[in-house]
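Undergrad: Here it is, the structure in full.
The values are calculated or read from the model by the stated rules, or taken from the named source; none is laboratory data. None of these values were measured; they are calculated from a predicted model. Note that we place each Cβ from the backbone using ideal geometry, even for glycine, and neighbour counts take in every protein chain shown.
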Amino acid sequence: MKPSSLIAQKERGALLQNQRGLAWLLAYSGILSAFALLLISNKELSLLDNAQIVYMMAGTVTAAGALIAVIMGADAFAGERERGTLVPLLTAPVSPAQLLMGKALGLVSAWLLMYLLALPYLWAVGAGGQNLLQAIFYLALFGTPVVLGFGYLAMALSARSGSVLSSMLTSLIVLLFSASPLLIGPGLRNSVIGKAIDAVNPFSGALNTFDSVIIDSAPFSGQLARLALVLIWLSITFLAARVTARHPNFR
Amino acid sequence: MLIDANHLHLNLQGQTILEDVSLHLAAGEIYGLLGPNGAGKSTTIALLLGLYQADRGDLKLFDTEPRDNVALHRRIGVMPEHAGFYEWMSANDYLVWYAGLYGGLLQPVDSLLQQVGLEATGHKPISQFSRGMKQRLGLARALVHGPELLILDEPTNGLDPRGRREIHDLLLSLADERRVGILLCTHLLDDVERLCSRIGILDRGRNVAEGSLPELLGANRSGRRYRLRIRGVPDNQQLPPDLKLLRRDGDWWHVEISPTMAADPSRVWEDLLVHGWQYTEIHAESGGLETLYLQLTGAATDKQEEAA
């Protein structure tokens, strides 16, 4: 087996066999459960229509996925260092590119698991509506690069920073900043600055696409610019991780 | 030559960490790297492993440069000072996984665990291991691919006397029978005296001594201690600074010659004659590695660290 596959295998083990990994997955499921319950009760009160509920659920899955990806990414190098397992990896015949690839594949596996866990929730809130399949498809297409991008950003910081905490906090600030156009409300979001941030913000890009395709049933052709945005985000963050992981901070 | 390091200099964040450090290790040799905390031992190891790039100097391991040289890692086994593991795994699973990074185990995992005294614990989760067991597992990890060079940072920390003796025997057999070169970084001078054919002492990032134990002790005559009895010293007489009063026994004063004069005590004898003091019962003893170490690295530094 290739070193990168072995490292990815270990990352999957850390998520599924380690108590801490299982606790994060449980927390993720808890967030989705609470949110799904809230949405279903609103649906029954006819406060929200089906498409809006599916859109909100897709957004929640992306946000919760990005949050877990940040936690995993921050742990990728700084966590190994804090546990005393980084030097044995760096002194094994594993190139920095293979090490990063293993970590990156581990993150992909984690997101795949989170995506699969989200499907029953999407079905629970959106069954009976016409855009459930679009939601599932666009969550994969747009959610994946956004979530992985935040994970790779955290990895890039983790390889350089002194601790898991500092890399996690920095990544969370970026995540919060990315989500800010959604938090500040439609008025500020339509301002010049709000629009400018929206245009370059991968998180907004994914949510605006969910809005277009799930609520407005817009065609795929209208989402190409946003798809390019989230793919650029993914490429930049992965490149940053490659650069910093070449010589990670090991002490 | 497994390690050929000459005049290495390293600055980190504007601070000089290593200055003119040299180190040489041949196959089958055990080299003890000594020095107080912060002397630069772990940094030297990191440099040897290619984790840092020296600012100046010449460094070769197996005749190749270690920086960004992943292929070289197949020939080196490393046991870092703070060895960690994936604690949800069992020792067996961990070693099989880690060996996979090298292409697979060279010997059955049970035999490897037996070699380091961990037989019958292979199926236990590492989280249940004691500190000593983790040290042994760290050594097993370093041996997993049959390295030609072992770099061990404090390998016997946390081991009981029997465990230490077992690890000593293992290291000696690796060096003697398999011609493995071993760089041993430790604070335990007993380990060094028992195992090492050559010793290097670092202090504040500099080599302050290098050689075999007899060479170092022979070269450092100031490591000797002289005690003697003198008579005829007036009661209110201050002793010369080269003499330290240990105790008085009637007319006889029991004194020790200061370490700085011990290398050449002839001036002290002349002083005693000038004063007209009678001296007798000269007791000379070799200081050993501990005395040498304390002199070369400055006992004051250790005291400061203890106080801190």
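Undergrad: I'm checking my understanding of the structure. Among residues of region B:106-126 that are surrounded by 16 or more Cβ atoms within 10 Å (Cβ to Cβ) and among the aliphatic types (A, V, I, L, M), which one is nearest to residue B:75 (Cα to Cα)?
TA: Among residues in region B:106-126 that are surrounded by 16 or more Cβ atoms within 10 Å (Cβ to Cβ) and among the aliphatic types (A, V, I, L, M), the one nearest to residue B:75 (Cα to Cα) is B:112.
Undergrad: Check residue B:139 against each of (1) out of contact with any helix residue (DSSP H, G or I) (no Cβ under 8 Å at 6 or more places or on another chain); (2) over 23 Å from residue A:20 (Cα atoms); (3) assigned to a helix (DSSP H, G or I) and name the one condition it does not meet.
TA: Residue B:139 satisfies all of (1) out of contact with any helix residue (DSSP H, G or I) (no Cβ under 8 Å at 6 or more places or on another chain); (2) over 23 Å from residue A:20 (Cα atoms); (3) assigned to a helix (DSSP H, G or I) except (1).
Undergrad: From the list A:34, A:27, A:58, A:78, which residue is crowded, with 21+ Cβ neighbours inside 10 Å, in a helix (DSSP H, G or I), away from chain B (no Cβ under 14 Å) and aliphatic (A, V, I, L, M)?
TA: One residue alone meets the criteria, A:58.
Undergrad: Residues that are at pLDDT 90 or above, of a type in the set (A, V, I, L, M, F, W, C) and in contact with a Gly (Cβ under 7 Å, 6 or more places away or on another chain): find the strands (runs of 3 or more DSSP E) completely inside region B:197-254 holding 1 or more of those.
TA: Details: elements: B:198-203, B:206-211, B:225-231, B:243-249.
The qualifying strands (runs of 3 or more DSSP E) are B:198-203.
Undergrad: Only residues that are closer than 20 Å to residue A:190 by Cβ and within 19 Å of the chain's Cα centre (by Cα): list them for region A:204-230, please. If you could, list the steps in order and put the result at the bottom.
TA: Going through region A:204-230, the residues closer than 20 Å to residue A:190 by Cβ turn out to be A:204-212, A:215-216, A:218, A:222, A:225-226, A:229.
A:204, A:205, A:206, A:207, A:208, A:209, A:210, A:211, A:226, A:229 - these are the residues of region A:204-230 that are closer than 20 Å to residue A:190 by Cβ and within 19 Å of the chain's Cα centre (by Cα).
Undergrad: Could you please find all residues in region B:109-136 being away from chain A (no Cβ under 14 Å), β-branched (Val, Ile, Thr) and not in a loop (DSSP other than H, G, I, E, B)?
TA: Correct list: B:109 only.
Undergrad: Mind checking which residues of region B:64-95 are crowded, with 16+ Cβ neighbours inside 10 Å and among the hydrophobic types (A, V, I, L, M, F, W, C)?
TA: Once the filter is applied, which keeps residues that are crowded, with 16+ Cβ neighbours inside 10 Å and among the hydrophobic types (A, V, I, L, M, F, W, C), region B:64-95 yields B:70, B:72, B:76, B:78, B:79, B:83, B:85, B:88, B:89, B:91, B:95.
Undergrad: Limited to region B:110-129, what total is found for residues that are of a type in the set (A, V, I, L, M) and in contact (Cβ under 8 Å) with a residue 40 or more places away in the chain? Before you say what the answer is, go through the steps one by one.
TA: Within region B:110-129, the subset of a type in the set (A, V, I, L, M) is B:112-113, B:116, B:118, B:120, B:126.
Keeping just the survivors that are in contact (Cβ under 8 Å) with a residue 40 or more places away in the chain gives B:116, B:126.
Number satisfying all stated conditions: 2.
Undergrad: Could you check, for region B:11-20, whether at least one of its residues is hydroxyl-bearing (Ser, Thr, Tyr) and either assigned by TED's automatic domain parsing to the domain that holds residue B:290 or without any contact (Cβ under 8 Å) to a residue 60 or more places away in the chain (or both)?
TA: In the first step, residues of region B:11-20 are kept if they are hydroxyl-bearing (Ser, Thr, Tyr); the result is B:16.
From the residues that got through so far, the ones that are either assigned by TED's automatic domain parsing to the domain that holds residue B:290 or without any contact (Cβ under 8 Å) to a residue 60 or more places away in the chain (or both) too are none.
Taking every residue of region B:11-20 in turn, none turns out to be hydroxyl-bearing (Ser, Thr, Tyr) and either assigned by TED's automatic domain parsing to the domain that holds residue B:290 or without any contact (Cβ under 8 Å) to a residue 60 or more places away in the chain (or both).
Undergrad: Okay, next question. So, residue B:147, is that one touching a residue at least 12 places away in the same chain (Cβ under 8 Å) and in contact with a Lys or Arg (Cβ under 7 Å, 6 or more places away or on another chain) or not? Don't jump to the end; show me each part of the working.
TA: On the way: touching a residue at least 12 places away in the same chain (Cβ under 8 Å): yes; in contact with a Lys or Arg (Cβ under 7 Å, 6 or more places away or on another chain): yes.
Yes; evaluated as a whole, the condition is true for this residue.
Undergrad: Let me ask another. Kindly indicate whether residue B:280 is touching a strand residue (DSSP E or B) at 6+ places or on another chain (Cβ under 9 Å), over 30 Å from residue B:43 (Cβ atoms) and modelled with pLDDT under 85. If you could, list the steps in order and put the result at the bottom.
TA: Working: touching a strand residue (DSSP E or B) at 6+ places or on another chain (Cβ under 9 Å): yes; over 30 Å from residue B:43 (Cβ atoms): yes; modelled with pLDDT under 85: yes.
When the stated conditions are applied, residue B:280 passes them.
Here's the yes/no breakdown for (1) without any contact (Cβ under 8 Å) to a residue 60 or more places away in the chain; (2) within 14 Å of chain B (Cβ to nearest Cβ); (3) within 25 Å of residue A:49 (Cβ to Cβ); (4) part of a helix (DSSP H, G or I):
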| site | (1), (2), (3), (4) |
| --- | --- |
| A:195 | yes, no, no, yes |
| A:205 | no, no, yes, yes |
| A:218 | yes, no, yes, no |
| A:235 | yes, no, no, yes |
| A:239 | yes, no, no, yes |
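Undergrad: Restricting to region B:97-150, count the residues that are in contact with a Leu (Cβ under 7 Å, 6 or more places away or on another chain), of a type in the set (D, E, K, R) and over 18 Å from residue B:72 (Cα atoms).
TA: Counting residues in region B:97-150 that are in contact with a Leu (Cβ under 7 Å, 6 or more places away or on another chain), of a type in the set (D, E, K, R) and over 18 Å from residue B:72 (Cα atoms) gives 2.
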